[in-house]
Amino acid sequence: MSFLHDDSGLDSPRVHPVLAAARRIAPKAAALSAEIEAARRLPRALVRELAEAGLFRMVVPEALGGFEMHPLAVYEVLETLSRADGSTGWCVAIGGLTAMTSAWMLEETAREIFGNPMTIVGGVAAPAGQAEVVQGGYELTGRWSWASGGEHCNWLLAGAVVTENGEPRLVREGVPETRIFVVPREEAVLHDTWHAVGLCGTGSGDMEITRVRVPAARTLSLTARPRVESTLYAFPALGLLGVGLPAIGLGIARRAIDELTALALTKKLMPTGQRLLATRSSVQEAVAESEAALRSARAFVLEAVQAVYEAAERRDVSLRQRAELRLSYTHGMQTAARVVDRMYEAAGGAAVFSAHPLQRCLRDIHVATQHAMAARPTLEPIGAVLLGVEPQTPAL
């Protein structure tokens, strides 16, 4: 069954309730965009509505009361929200996809954390911290950037290098062991450092943890085999964690086309004021090429996700399929940025004002493209795999 919806109006025969909720909430998020940007975080009432609708439980196992959704359905939810407001889509992607760790946690720990249907998790998986081995667990210390939506989380995840007697513990020569540590929100300090040019409402400040004891049961490694046996968790972990990135980027790009179209049908050209912007040939060309580029990039993402999911059903995902999946993500994000740039340029002077949605699209997309999982440097290991040579960075 297709989970997808596009602008042709051909909905899938059965809309997932979480997607239905996203479509219902999206106009509210769009109406709140200016407030979200000014406050630099999502309103608590909006976060509560998103949580009550299950948007932070999309990839939590069904056995824990989650939805265990197909990655394509997750993609569409996040694209829908990001088209309405980039910061909302980003925060739901971080909270919703970080929750996939529930399938790697010990069952007792997973139930402790996700037994509450309103639980929201977040944090930063990058191993920026240090976790010293102590009796019964670890002592965690570190400071992490980009802790998006941390203020509305109950639990925070933090990546760290494992050390013994102050020295990194190696899994093989030259490669330190890294793990993800789960701590209650109150055991971390959130620093209000998020003064950014775009995605202003994500509250992506720094997270600091100092000498916090974390029991071994509240740690995990996504390189290990998941505890829950299902196709969703046989999907590459980084691929599942990253599926929100092209959804966010292409959702923002779709909004940019929407906004340019609306502007072009009302803005009069000077000096006579007799012609609409929509009659200018350069604008017509920009819209046509951007529509083709966006749809092509989106189709590549959907094709790659479905191919990998089918391979995951057989428990046979190849390295090349992983590379193509990640390529679709990076290409999707880079294409989205080009589309937004074209729409901004075509709009002319109207788009320079901060109150215009195209201005927000421009700033949001150029912050999103800086995420390490979809930035241009990801193309190097992908290209190596496609060329049949050993990638320097094998994690795909």
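The values are calculated or read from the model by the stated rules, or taken from the named source; none is laboratory data. Being a predicted model, the structure only gives us computed values, none of them experimental. All Cβ positions, glycine included, derive from the backbone under ideal geometry; neighbour counts span all protein chains shown. Accessible surface is based on the protein model in full, side chains and every heavy atom, while ligands, DNA and RNA are left aside. Shrake-Rupley method; radii C 1.70, N 1.55, O 1.52, S 1.80 Å.
Per residue, the average separation of C-alpha pairs within less than 8 Å and at least 6 apart gives segment 221-317 a relative contact order of 36 percent. Per-atom-type breakdown for segment 178-327 gives carbon and sulfur 52% of the accessible area (1.4 Å probe, protein chains only). Taking the C-alpha atoms only, the angle from helix 319-347 to the longest principal axis of the chain is near 40 degrees.
Residues in segment 242-310 average 44 Å² of solvent-accessible surface per residue, probe 1.4 Å, ligands and nucleic acids excluded.
Under the shape rule built on the C-alpha gyration tensor, where the axes satisfy a ≥ b ≥ c, segment 138-237 is oblate, since a/c reaches at least 1.5 while a/b does not exceed b/c.
Ordering G348, H152, T272 by the projection of their Cα atoms onto the charge dipole of the chain, which places +1 on the Cβ of Lys and Arg and -1 on the Cβ of Asp and Glu, puts T272 at the extreme positive end.
Mind listing which chymotrypsin sites (Phe, Trp or Tyr not before Pro) in segment 287-396 are in a DSSP loop and have 11 or fewer other Cβ atoms within 10 Å?
Answer by residue number: F353.
Comparing mean-square fluctuations of R280, R254, R227 from a GNM of the chain with C-alpha springs under 10 Å, the top value falls on R280. Taken about its Cα centre, the chain carries a charge dipole of roughly 740 debye when the Cβ of each Lys and Arg holds +1 and the Cβ of each Asp and Glu holds -1.
Bridge orientation summary for the chain: considering DSSP beta bridges with both residues in this region, about 75 percent are antiparallel.
Looking at segment 20-85, the accessible area is 36 square angstrom per residue; that uses a 1.4 Å probe and ignores ligands, DNA and RNA. Counting only protein heavy atoms and a probe of 1.4 Å, the accessible surface of segment 38-132 is 51% carbon and sulfur. Over all Cα atoms in segment 322-396, the spread is summed up by Rg and Dmax: 15.7, 49 Å. What segment 121-172 shows is 45 Å² of accessible area per residue, with the surface traced by a 1.4 Å probe over protein heavy atoms. Extension gain for E167 to E313 (0.36 nm times residue separation, less C-alpha to C-alpha distance): 48.6 nm. Scan (1) 37, 23, 21; (2) 31, 28, 18; (3) 46, 27, 24 for the value of semi-axes √(5λ) of the Cα gyration tensor in Å calculated from this model and give just the label. Of the listed options (1) 37, 23, 21; (2) 31, 28, 18; (3) 46, 27, 24, (1) comes from this structure.
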